[in-house]
Amino acid sequence: MQLIDPSSFLCPVRPVDLATIDAVGFDLDHTLALYDDHTVNVIAATETVPILASVGHPGAVFPTENITTTARGLSMDLRHGNVIKIGADGRVKLARRGEDWLGAEAIAARYDGHDPADESTTWHVNSPFDIPTLWFFSTLGPRIRDEADTAYAARVLRDIRRSLDHSHTHGELKRHIERDLSRYVSPVSGARAGLERWKESGKRLFVLTNSDQNYAARVLDHVLGAGWNDLFDLVLTDAGKPRFFAERAASHVQAHLGVEPSRILYAGDNSRADIAPARRCGWKTVHVVAELAAPAAAAPWEGALHHHGSPTWFAKVIHEHADATCARIDAFLALDPRQPLQPAGDFYRNITSS
């Protein structure tokens, strides 16, 4: 991928008239606040190693290769313990077990009939915070010897995610970040001015985040400055997404704002926790995908959105659930709040050849 200015890249996926949108919501982490992803993920992973050992996974390590910019194009195969890259057509393009790459014939034989949408057999990297899960699975996955032992595979994934979640919520990670916010968290250039302009246009703005109240307030202070709370009609923390949407808590947002679902637009980075469930609730969505502006990783992994020029499963997820995608939220906030968005040309070509 060619390196582009992230503040200028916005790709409409389907028509949306912004004049018909009355309320606009924002996720916090990786949307209104940018992170030094690799450094933060290494801190979380390092803290997680002894936690995993305590729940029966000694020797868990994470690879030193930095595949941050391609990670959301990868998935975890819970049947065989492989890290895989899947095309938009559902076919597995690459597979690696530990440090060993599978050949084309082995991939074809093993993944004939594979269903990437089945979360009992395939787990996708949905957010930058999911990257350490991928790291650990690449180490622990090869311990799966019998593809019929799906219970063990599911336990491995569950233990990894719970251990990392402990680091994020009860461990040292957040305290580490809070001690030096300017080191790990960056504001989005122009976001404050953009939010003020959208509010002045008559839009109701809200924040919906899984971060706890104290942490969210500190981060918002840092990225938006004093008085940020005057920008928003509603700030919801500890949301527990995607469960938030499944439990119909979204209807409380709609009632509080006095807005119909079809007139709400929500921006977030996590396809599983933000974009897909918000769309199922009838909200319009903007998927923030930093990889749109990132150079591709080295071969053979290549980019998160493409493989040899063809779209990946992650690109397909964007296509199915987002009304628009942007590399950074300021690309969206720079729009006229009343303008119509209209896709131009082939979506897959637009996002894989940027």
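The values are calculated or read from the model by the stated rules, or taken from the named source; none is laboratory data. Predicted model, so just to flag it, every value in this text is computed and none were measured. Here Cβ is always computed from backbone atoms with ideal geometry, including for glycine, and neighbour counts include all displayed protein chains.
Regarding segment 39-57, can at least one residue be identified that is farther than 14 Å from PRO142 by Cα, in the same structural domain as LEU140 (by TED's automatic domain parsing), in contact with an Asp or Glu (Cβ under 7 Å, 6 or more places away or on another chain) and of a type outside the set (D, E, K, R)? Yes: segment 39-57 contains one or more residues that are farther than 14 Å from PRO142 by Cα, in the same structural domain as LEU140 (by TED's automatic domain parsing), in contact with an Asp or Glu (Cβ under 7 Å, 6 or more places away or on another chain) and of a type outside the set (D, E, K, R). Flag: HIS170 does not match the condition of being within 23 Å of SER127 (Cβ to Cβ), at pLDDT 95 or above and not charged (D, E, K, R). Note on segment 72-120: among residues that are surrounded by 19 or more Cβ atoms within 10 Å (Cβ to Cβ) and of a type in the set (Ser, Thr, Tyr), the one that is farthest from GLU302 (Cα to Cα) is TYR111. Taken over segment 1-29, the criterion of being part of a loop (DSSP other than H, G, I, E, B), in the same structural domain as VAL286 (by TED's automatic domain parsing) and surrounded by 20 or more Cβ atoms within 10 Å (Cβ to Cβ) is satisfied by VAL13, ILE21, ASP27, LEU28.
Within segment 272-289, can one find any residue that is at pLDDT below 95, surrounded by 21 or more Cβ atoms within 10 Å (Cβ to Cβ) and either out of contact with any helix residue (DSSP H, G or I) (no Cβ under 7 Å at 6 or more places or on another chain) or part of a helix (DSSP H, G or I) (or both)? No, segment 272-289 contains no residue that is at pLDDT below 95, surrounded by 21 or more Cβ atoms within 10 Å (Cβ to Cβ) and either out of contact with any helix residue (DSSP H, G or I) (no Cβ under 7 Å at 6 or more places or on another chain) or part of a helix (DSSP H, G or I) (or both). The set of residues from segment 204-238 being in contact with a strand residue (DSSP E or B) (Cβ under 7 Å, 6 or more places away or on another chain) and modelled with pLDDT under 95 comprises just one member, SER211.
So, ILE67, is that one modelled with pLDDT of 85 or more, more than 13 Å from VAL156 (Cα to Cα) and either in the same structural domain as LEU292 (by TED's automatic domain parsing) or of a type in the set (Val, Ile, Thr) (or both) or not? Considered against the rule, which asks whether it is modelled with pLDDT of 85 or more, more than 13 Å from VAL156 (Cα to Cα) and either in the same structural domain as LEU292 (by TED's automatic domain parsing) or of a type in the set (Val, Ile, Thr) (or both), ILE67 comes out as no. Scoring LEU140 on the criteria (1) more than 21 Å from GLY81 (Cβ to Cβ); (2) touching a residue at least 60 places away in the same chain (Cβ under 8 Å); (3) surrounded by 16 or more Cβ atoms within 10 Å (Cβ to Cβ) leaves a single failure, condition (1).
Scanning segment 193-216 for residues that are in contact with a Phe, Trp or Tyr (Cβ under 9 Å, 6 or more places away or on another chain), surrounded by fewer than 19 Cβ atoms within 10 Å (Cβ to Cβ) and assigned to a helix (DSSP H, G or I) yields one hit, LYS199. Listed conditions (1) crowded, with 17+ Cβ neighbours inside 10 Å; (2) modelled with pLDDT under 95; (3) not in a loop (DSSP other than H, G, I, E, B) are all met by ALA60, apart from (3).
Does SER186 satisfy the condition of being of a type in the set (S, T, N, Q) and either touching a helix residue (DSSP H, G or I) at 6+ places or on another chain (Cβ under 6 Å) or in a loop (DSSP other than H, G, I, E, B) (or both)? It is false that SER186 is of a type in the set (S, T, N, Q) and either touching a helix residue (DSSP H, G or I) at 6+ places or on another chain (Cβ under 6 Å) or in a loop (DSSP other than H, G, I, E, B) (or both). Of all the numbered requirements in (1) under 30 Å from LEU335 (Cβ atoms); (2) over 20 Å from the mean Cα position of the chain (by Cα); (3) modelled with pLDDT under 95, ARG192 misses one, and that requirement is (3).
For segment 30-55, the set of residues classified as part of a loop (DSSP other than H, G, I, E, B) and closer than 14 Å to LEU173 by Cβ consists of ASP36 only. Tally up the residues in segment 242-257 that are free of Cβ contacts under 8 Å to residues at least 24 places away in the same chain, in a loop (DSSP other than H, G, I, E, B) and not hydrophobic (A, V, I, L, M, F, W, C), please. Number of matching residues: 2.
Across segment 256-271, the number of residues qualifying as hydroxyl-bearing (Ser, Thr, Tyr), out of contact with any Phe, Trp or Tyr (no Cβ under 7 Å at 6 or more places or on another chain) and crowded, with 18+ Cβ neighbours inside 10 Å comes to 1. Annotation for segment 300-320: at least one member residue is among the aromatic types (Phe, Trp, Tyr), assigned to a loop (DSSP other than H, G, I, E, B) and not assigned by TED's automatic domain parsing to the domain that holds ILE86.
Evaluate the following for ASP330: is it in contact with a Gly (Cβ under 9 Å, 6 or more places away or on another chain) and either crowded, with 21+ Cβ neighbours inside 10 Å or in the same structural domain as CYS281 (by TED's automatic domain parsing) (or both)? The answer is yes for ASP330.
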